[in-house]
Every structure is written in structure tokens, then in C-alpha cells.
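Would you mind keeping the following structure in view while I ask a few things?
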Amino acid sequence: MKPDIRKLINTPLEIGGKSIPTRLILAPMSGLTHVAFRELVDRFGGCGLLYTGMCSARSVPHENSHISPVFRWRNEELSCLICQLFGSDSDVMALAAKRVEQEGFFGVDLNFGCSVAAICKKNCGAALLKIPDRAVEIVRNVRKAVSIPVTVKFRTGWEDCPKSAVELAGRFEDAGADALIFHPRVAPDRRSRPPKWEYIAQVKQAVSIPVFGNGEVFTSDDCKKMFETTGCDGIALGRIAIAKPWIFAQWADGFVADDETYRTVLKQMITLLSKHYETVAALRKFKKMAVYNAALFKYGHSFFKKIARAADFNEIEKEVDAFFATSPDLTMRPNLNLFA
Ligand SMILES: Cc1cc2nc3c(=O)[nH]c(=O)nc-3n(C[C@H](O)[C@H](O)[C@H](O)COP(=O)(O)O)c2cc1C
């Protein structure tokens, strides 16, 4: 990473009166940014802010954090952890946000970006971008309910035009949002076409709260380019963080991964998943994550097939050792067929 960009990454940023140490943050990803994965990221360091996957605002007030797959954390991470909520009712969202505050999270995030049909059908996630008054009301009500930072993650909208996102960004700020994470893709487009980073610049110019850009930042050149071309205050890293949990440490602190790092993180992930989840859930979660690791390698597809077929962690460990014994070649960029 170029020294000027590293310096920028390591410049603390204020969000709603609290400071984060670096400008690279973990994007929320359901089924992926769970407590076990976040512990792994924490071990490497360099990440300014961690996010849970999206949690149902209806469930959060009654959720048992010892058994919930998603509303679960380590006390050590709470001071840099944001809980993401999805919902469609502003009172329900506010009540859930209160629980998030009581538990001691750094902040709460509102999901206005998920375009999965099951979520949108209930007027949650990106569906709220079609009813902007409701989205703004949610921000306002959550703002009133808590004093911790409130962030909003949203995307372009349902039409490929930045106008409504730019307008909404300003309305979210006026309603009390402390920072925005903006993913410049239209809602029906899950991740097939490239995100339009130029829209990030427009959102950034429309508000005075911090804006995190998000979408297909995979290499240090991408990171530099996103900072330089959009003027964003920080970057939210999604899939590349799953594939390389050390990416924050690499870009913020100069951590250098060697061949062994790729193998050992897979083993560490097994240990951490087994620590936090029962066996069947741990195995399922590992397989969900491993496809992103596999996407980094030339013959990652056949490696992943073997992982997906494995019956237990013993078999997985054998496959991991066998794959790395062949000194597999890395690709320049992740294989997007696997990086879905
Ligand atoms: C498997 C998966 C689950 C995701 N779940 C969420 C989620 O719960 N909340 C959310 O706001 N975005 C979610 N996202 C979107 C990411 O936060 C991010 O916007 C997207 O992956 C683009 O960033 P990237 O190119 O750095 O991966 C998810 C993405 C993936 C791949």
C-alpha cells in the first residue's frame, strides 16, 4: 500500500462523537460476519469497525445472545462492533436499537440495501428505498431512541440513477444518521455488474457526515482508486475480508501474508467456528466461507468442491493440507464465479 494511502487509512475518523482508529471497516454480511469470523479479523487487527450480519429488529429485543446465530458477540469486541438491523416499522427498529445500545455496542446500523426477495417482500432492506419517507422515519425514530452512533447502509435504489440516492443521503443526515455506507448498485442487481463508484463521489458531496464506499475493493490498487476517485472517508470491505481476514492488517499495518497464511487461516476458522457454534452449524458456516478463500486460487473451484462434499472437519483439514501441498497459484483478482 502506498504510504499516503496508508497514512489516510490510519487517520482516526469520528462517527457520532466516537472515534474509530482506521478507515477500513468490515461490511455486514449475513452468515459470514459472525462472532467467529470477527474474532479472526480481530487477531490480525487493522479493522476500524466490525459489523454483525443483519439481525431482525422484531427478534432482537427477545433474542438470547448465547444461542442466537447472529445476535452474538464477544465482550472484547463490543467497543468496535455495530449491530445491523433490518425491519420495516420504525417503532420496532427503535426498540431493537435500544437493546443494541443497552448491550454496549459501538453503534447500530440500518439495512436499506438487502435485495433478497424474502426481505424485500416484507418491505425491509432495499424495499425501503422505494418508500423513502418510511426509510427516513426509521432513521429519525432510531436516532431519537438511542445516543450511540447510527449508521445507514444503502444502495443506489431501484433505478440506475444516482439522483435518489444522493437525495436520500441528505435526508438520512438530516434525520440524524452519523455515517453512511453506500454500495453503488441497483437493487435487483445482486452482484453481477460492477458497482458504479462515481455515484459514491456524488453521495459524499451531498452530506457532511462520513461516507464509506463499498463494492469490489479487492486489491490495494482498488483501495487507492476508491479513496482517490470518490473522496470517501473510509471503505467497507466485504467478500475480500472473508477470503483474506488479514486484509485490514495488510493495508493498514503492512502485514505480509505468506503461503502458510492462506492455509492457517482456514485451520483457525475451523477452531473458532467450533468454539462458538455446535458442530453442524460450524461445518455449514465453514463451507459458506470457504468458497471465498477458494476464489483466490487458480484451481479453487475443484478445491471448493472437495470442501463442499466433506462430511466433517477432519476431512476438511485433510483436503486443506492436500491442496496447499501442491503450492497452488494465486489469481490476480478473485474468481468472480465463486465470489458471488
Ligand atoms: C453472502 C453475503 C451476505 C451479505 N449480507 C449482507 C447483510 O446482511 N447486510 C448488508 O447490508 N449487506 C450484506 N451483504 C452485502 C455486503 O455488505 C456488500 O455490500 C457487498 O458484498 C459488496 O461489497 P464487496 O464487493 O466488498 O463484497 C452481503 C453480501 C454477501 C456476499
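Go through Arg155, Arg171 for me and flag whichever is modelled with pLDDT of 95 or more, within 19 Å of Ser88 (Cα to Cα) and surrounded by fewer than 21 Cβ atoms within 10 Å (Cβ to Cβ).
Arg171
Now, a different point. Quick one: how many residues across region 292-332 are assigned to a loop (DSSP other than H, G, I, E, B) and small (Gly, Ala, Ser)?
4
Okay, next question. For region 274-293, check the following and say yes or no: at least one residue is out of contact with any Ser or Thr (no Cβ under 6 Å at 6 or more places or on another chain), of a type in the set (Val, Ile, Thr) and closer than 24 Å to Arg193 by Cβ. Let's see the steps before the verdict.
Step one: list which residues in region 274-293 are out of contact with any Ser or Thr (no Cβ under 6 Å at 6 or more places or on another chain), which gives 274-281, 283-293.
Imposing the further condition that a residue be of a type in the set (Val, Ile, Thr) reduces the set to 279-280, 291.
Retained after the next criterion (residues that are closer than 24 Å to Arg193 by Cβ): 291.
Scanning region 274-293 turns up at least one residue that is out of contact with any Ser or Thr (no Cβ under 6 Å at 6 or more places or on another chain), of a type in the set (Val, Ile, Thr) and closer than 24 Å to Arg193 by Cβ.
I'd like the full set of residues that are of a type in the set (S, T, N, Q) and crowded, with 18+ Cβ neighbours inside 10 Å, limited to region 85-105. Break it down stepwise before answering.
Our first condition is that a residue be of a type in the set (S, T, N, Q); within region 85-105, this holds for 88, 90, 102.
Selection gives Ser88, Ser90.
Name the pairs: first residue in region 258-282 and modelled with pLDDT of 95 or more, second residue assigned to a helix (DSSP H, G or I) and basic (Lys, Arg), Cβ to Cβ under 7 Å, at least 6 apart or on different chains?
Filtered contacts from region 258-282: Leu273/Lys285; Tyr277/Lys285.
For Ser115, which of the numbered conditions (1) without any contact (Cβ under 8 Å) to a residue 60 or more places away in the chain; (2) surrounded by fewer than 21 Cβ atoms within 10 Å (Cβ to Cβ); (3) within 16 Å of the ligand (Cβ to nearest atom); (4) not in a helix (DSSP H, G or I) fails to hold?
The one condition Ser115 does not meet is (1).
Scan Phe227, Phe218 and give me the residue that is within 11 Å of the ligand (Cβ to nearest atom), more than 12 Å from Gly113 (Cβ to Cβ), in contact (Cβ under 8 Å) with a residue 40 or more places away in the chain and touching a helix residue (DSSP H, G or I) at 6+ places or on another chain (Cβ under 8 Å).
Phe218
Being assigned by TED's automatic domain parsing to the domain that holds Val166, within 19 Å of the chain's Cα centre (by Cα) and among the aliphatic types (A, V, I, L, M) is the requirement here; does Ile242 meet it?
Spelling it out, Ile242 is indeed assigned by TED's automatic domain parsing to the domain that holds Val166, within 19 Å of the chain's Cα centre (by Cα) and among the aliphatic types (A, V, I, L, M).
While we're here: Condition first: away from the ligand (no atom under 16 Å from the Cβ) and not acidic (Asp, Glu). Now tell me which residues in region 79-96 satisfy that.
Pass one, region 79-96, residues away from the ligand (no atom under 16 Å from the Cβ): 79-80, 89-92, 94-95.
If the condition is that a residue be away from the ligand (no atom under 16 Å from the Cβ) and not acidic (Asp, Glu), then Ser79, Cys80, Ser90, Val92, Ala94, Leu95 are the ones that fit.
Hey, any hits in region 197-209 for a residue that's assigned by TED's automatic domain parsing to the domain that holds Leu81, in contact with a helix residue (DSSP H, G or I) (Cβ under 6 Å, 6 or more places away or on another chain) and within 13 Å of the ligand (Cβ to nearest atom)?
Looking through region 197-209, at least one residue is assigned by TED's automatic domain parsing to the domain that holds Leu81, in contact with a helix residue (DSSP H, G or I) (Cβ under 6 Å, 6 or more places away or on another chain) and within 13 Å of the ligand (Cβ to nearest atom).
Any idea which residue in region 65-84 is surrounded by the most Cβ atoms within 10 Å (Cβ to Cβ), counting only those that are in a loop (DSSP other than H, G, I, E, B) and at pLDDT 95 or above?
Phe71
Taking interchain pairs and intrachain pairs at least six residues apart, which have beta carbon atoms under 7 angstrom, with the first residue in region 83-103 and among the β-branched types (Val, Ile, Thr) and the second outside any helix (DSSP H, G or I) and modelled with pLDDT of 95 or more?
Val92/Ala57; Val92/Arg58; Val100/Cys83; Val100/Val108
The values are calculated or read from the model by the stated rules, or taken from the named source; none is laboratory data. Keep in mind that this is a model prediction, so the values were computed, not measured. Ideal geometry is used to build each Cβ from the backbone, glycine not excepted, and the neighbour counts take in all protein chains shown.
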